[in-house]
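Visitor: The structure follows.
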Amino acid sequence: MKKDQDVNLEQAMSIGFLILAAGLSQRFSQGHKLCYPLADHHHKPIILETMTRIQQVTDNYLIITSSFDSLVSQLLQQYQYDFTICPNANQGMGDTLAFGVKQTKNWSGWVIMLADMPLIQVQTLQSVWQTISIDSPLVVPKNSQGRGHPVGFGQKFYTKLIQLTGDQGAKSLLDLYQIDITYLACNDPYIQYDIDTLDDLS
């Protein structure tokens, strides 16, 4: 039994969070939204609050930023977070996601996290991270409002993920491979809540 537990732990440790932070924030009227302080969270910038929660689950992560936005990269560098710049992030989320998966091809699974969703409960993040396996290669949290984020993918989906392009994100894979989805029931009201505008913060 101990050996099986060790194998499961080793597999979980090779599953990482891929944080997408390469958007343009065009609808946010006060600079870059990921650097904007959250008043109810000690005025911590949005992306730092997101990372604080992820690191309560695992230190295995990679943040994907863009070459056309230096503010986020500078902030992450200041706080010594691991990130890499996607050279074609301007092509859309699909390209950013595919690039990130290629950079982490040694992982056994990916929890795809949007950087502008800083209020998702740590328990939700941990549940998705822990559930990804050969038997559950596609993991999605779901509350009374429907499915949400983050979404977990097992190694089975590596080829599909690196083929994503343009504005085609992971949602297209959820629609195509519904039979593979393991839904995690939760009471987390923030799994559908991303920050696009200043009004969203209120």
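The values are calculated or read from the model by the stated rules, or taken from the named source; none is laboratory data. Bear in mind that the values here come from a model prediction, so they are computed numbers and not experimental data. Glycine gets a Cβ as well: all are built from the backbone with ideal geometry, and neighbour counts include every protein chain shown.
Visitor: Cβ contacts < 7 Å: first residue polar (S, T, N, Q), restricted to the stretch 74-87; second residue in a helix (DSSP H, G or I), any location; separation 6+ or different chain. Result?
Guide: Pairs found: Thr84/Gln103.
Visitor: When only residues in the stretch 62-79 that are under 16 Å from the mean Cα position of the chain (by Cα) and of a type in the set (S, T, N, Q) count, which is surrounded by the fewest Cβ atoms within 10 Å (Cβ to Cβ)?
Guide: Selected residue: Ser66.
Visitor: If you go through the stretch 166-190, how many residues are more than 24 Å from Gly92 (Cβ to Cβ), surrounded by 11 or more Cβ atoms within 10 Å (Cβ to Cβ) and β-branched (Val, Ile, Thr)?
Guide: Looking only at that region, the number is 1.
Visitor: Okay, moving on. Please list, ordered by first then second residue, the pairs with beta carbon atoms under 7 Å, 6 or more apart or interchain, first in the stretch 33-58 and over 17 Å from Gly16 (Cβ atoms), second acidic (Asp, Glu) and assigned to a loop (DSSP other than H, G, I, E, B).
Guide: Lys33/Asp116; Leu34/Asp116; Ile46/Asp116
Visitor: Here's another thing I want to ask about it. Within the stretch 148-182, how many residues are of a type in the set (D, E, K, R) and under 15 Å from the mean Cα position of the chain (by Cα)? Let's see the steps before the verdict.
Guide: Initial filter on the stretch 148-182 (of a type in the set (D, E, K, R)): 156, 160, 167, 171, 175, 180.
From what is left, the residues that are under 15 Å from the mean Cα position of the chain (by Cα) are 171.
Here the count works out to 1.
Visitor: I would also like to ask the following. Are there any strands (runs of 3 or more DSSP E) wholly within the stretch 111-202 with 1 or more residues that are of a type in the set (A, V, I, L, M, F, W, C) and within 24 Å of Cys86 (Cβ to Cβ), and if so which?
Guide: Those strands (runs of 3 or more DSSP E) span 138-143, 151-154.
Visitor: Residues of the stretch 98-110 being part of a helix (DSSP H, G or I), in contact (Cβ under 8 Å) with a residue 60 or more places away in the chain and surrounded by 15 or more Cβ atoms within 10 Å (Cβ to Cβ), which ones?
Guide: Hits for the stretch 98-110 are Ala98, Gly100, Val101.
Visitor: State whether the residues of the stretch 115-127 include one that is over 17 Å from Thr50 (Cα atoms), of a type outside the set (Phe, Trp, Tyr) and either modelled with pLDDT under 95 or in contact with a helix residue (DSSP H, G or I) (Cβ under 6 Å, 6 or more places away or on another chain) (or both). Break it down into steps so the answer makes sense when it comes.
Guide: Going residue by residue through the stretch 115-127, those that are over 17 Å from Thr50 (Cα atoms) are none.
Checked against the condition, which is being over 17 Å from Thr50 (Cα atoms), of a type outside the set (Phe, Trp, Tyr) and either modelled with pLDDT under 95 or in contact with a helix residue (DSSP H, G or I) (Cβ under 6 Å, 6 or more places away or on another chain) (or both), the stretch 115-127 yields no hits at all.
Visitor: Cβ-Cβ below 8 Å, separation at least six or inter-chain, first residue in the stretch 120-144 and closer than 16 Å to Ala170 by Cβ and in contact (Cβ under 8 Å) with a residue 24 or more places away in the chain, second among the aromatic types (Phe, Trp, Tyr) and part of a helix (DSSP H, G or I): which pairs?
Guide: Matching pairs, first to second residue: Pro137/Phe157; Leu138/Phe157.
Visitor: With respect to the numbered conditions (1) hydrophobic (A, V, I, L, M, F, W, C); (2) surrounded by fewer than 16 Cβ atoms within 10 Å (Cβ to Cβ); (3) in contact with a Phe, Trp or Tyr (Cβ under 7 Å, 6 or more places away or on another chain), which one is the sole condition not fulfilled by Leu138?
Guide: Here Leu138 clears every test but (2).
Visitor: Something else now. Starting from the stretch 180-202, take each residue that is at pLDDT below 90 and list its partners that are assigned to a helix (DSSP H, G or I), counting only C-beta distances under 6 angstrom and pairs at least six apart or across chains.
Guide: Partner pairs satisfying both residue conditions: Ile195/Lys33.
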